[in-house]
1. How far, in nm, would the chain grow between Gln17 and Ser405 when pulled straight, counting 0.36 nm per residue and subtracting the alpha carbon separation?
2. Can you tell me the 0 to 90 degree angle between the C-alpha axis of helix 133-144 and the longest principal axis of the chain, rounded to 10?
3. Tell me, what HN-Hα J-couplings in whole Hz come from the Karplus equation 6.51 cos²θ - 1.76 cosθ + 1.60 at θ = phi - 60° for each residue of the range 98-113, using x for Gly and Pro?
4. With each run of n ≥ 4 DSSP H residues scored as -39500 (n - 2.57), what mean residue ellipticity at 222 nm is computed for the chain after dividing by its residue count and rounding to the nearest 500 deg cm²/dmol?
5. Could you pull out every one of the lysines with an alpha carbon less than 23 Å from that of Lys84, ignoring same-chain neighbours closer than 8 positions?
6. Would you mind working out the magnitude of the charge dipole of the range 81-311 relative to its Cα centre, with +1 at each Lys and Arg C-beta and -1 at each Asp and Glu C-beta, to the nearest 20 Debye?
7. Please list, in chain and number order, the residues 5+ apart from Asp229 or on another chain whose amide H is under 5 Å from its amide H, with Hs placed from the backbone.
8. Quick one: angle between helix 81-94 and the longest Cα principal axis of the chain, in degrees between 0 and 90, rounded to 10, please.
Amino acid sequence: LNFNNASFKDFENIPGQDVFETAKEFQRYLYFLKSKGHLNYRIQSLSPVGPEMDLMLPGETQPTRSVCLVSNDYLGFSQHPEIKEAVIRATQRFGTGSGASPAIGGHFSYHEQLEQKIAGFYGKEEAILYTTGYTANSATLQCLLHKEDLAILDMAVHASVYEGVLTTTVKTFLHNNLEMLEQVLRNAQDKYRTKMVIIDGVYSQDGDLAPLDRIAALTHRYGAYLVVDDAHGIGVVGKGGRGVIELYNAFDQVDIITGTFSKALGNIGGYVVAKPEIINYLKYQSKQHLFSTTATPAILGIIRAIELVDEEPRWRTMLWENINYLKSGLTGLGLDIGTTASAVIPVKIGDIPKTLEAGRLLLKAGIYTNPIMYPAVSKKNARIRMNIMATHTRAHLDRVLNAFSDINAQLHISLPT
Ligand code: PMP
């Protein structure tokens, strides 16, 4: 296949009549991206998650040691010796699998313990576990909301929320736009059985936060409920690592908290924390919980991770030192990092080909980042996204800043002065 004369435009409208035709054309698009050196999706890493990783880069036969800025393991807990020890002990005691779904005998003491632990972490009584954070959102919303209900979404919520509201009435408001939210709430009065406002605590592409206090006040003023997915907030934001809900002291203002064990807690799985009646309803009505095999005993590592959020706050301190250092370095280079207030830092470029080229050049310089583009963000909003870890050193971050400085000289991605 020769792509010398091909451009991104050639692949904008992939035909959709027949799924195999679509897949074939999509494959051509992947080959095109690969031929341009732009396919840094599913890069294989040979080493553990960490601030540096051994990557099998496209076209190479040997791994390249690169600075890793793509991991949500913000506190480095996937490698924490005490958490690993807890997982090993759990596996030795209970084995590798739970054997069944909760409906038919797959509910064990370790599931109950983790439910209690995560509920208690937020000062609440009850929680329910799901296989992933994605399912926690999609399954819960799918179970609770139906045609006669209204889901009101911040446009920037995670894909799992959009999936959860496919069978309900949906209205969206522009990201963090309170006037628009109020307008939607006002127009919806008395028209629906249940109104639910659904937001993220930390937004995954911009790293910015929801103005939780004001959103909660508006939501309740209009008789709606508030759901907050704080997947990127837990362990990172707030003095005690309880996320955006702690930052705004909004524990009593959020009706349903959803989140994941896969990011700062270094493992896998999702959770929902809410009033006991909602959690019990989900436990008996939510198909993805009832009929899917429960988590493995290795989740006992999550219990230790939650304890370490309190016992070892130094990881959070180190993380924030790194976040602040990188942010001030990037703004010092004139780059647009938006309004991030978390461990997710975007460098906004706008143009998709330029963003892909920046990603390629960074990778070549030994810096592994994520170029993010449509449909994850709008078409003119492409960016390089970075996730910062407590275990990055100053030397790692200086390498990142030097690479951005070189790339800026080549691609002119800084803000106009
Ligand atoms: N919510 C948000 C905001 C996320 O960024 C993610 C991460 N991909 C999820 C939910 C899904 O979590 P998980 O990876 O555990 O499925």
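1. Stretched fully, the Gln17-Ser405 segment lengthens by 135.1 nm.
2. 40 degrees
3. In residue order, the calculated couplings are 9, x, 6, 7, x, 5, 10, x, x, 9, 10, 4, 5, 5, 4, 4 Hz.
4. Rounded to the nearest 500, it is -12000 deg cm²/dmol.
5. Reachable lysines: Lys117, Lys263.
6. 460 debye
7. Ile199, Asp200, Gly201, Thr258
8. 50 degrees
No lab work stands behind these numbers, since they all come straight from the coordinates. In this text, all values refer to a predicted model and were calculated from it rather than measured experimentally. Note: ideal-geometry Cβ built from the backbone for every residue, glycine included; neighbour counts use all protein chains shown.
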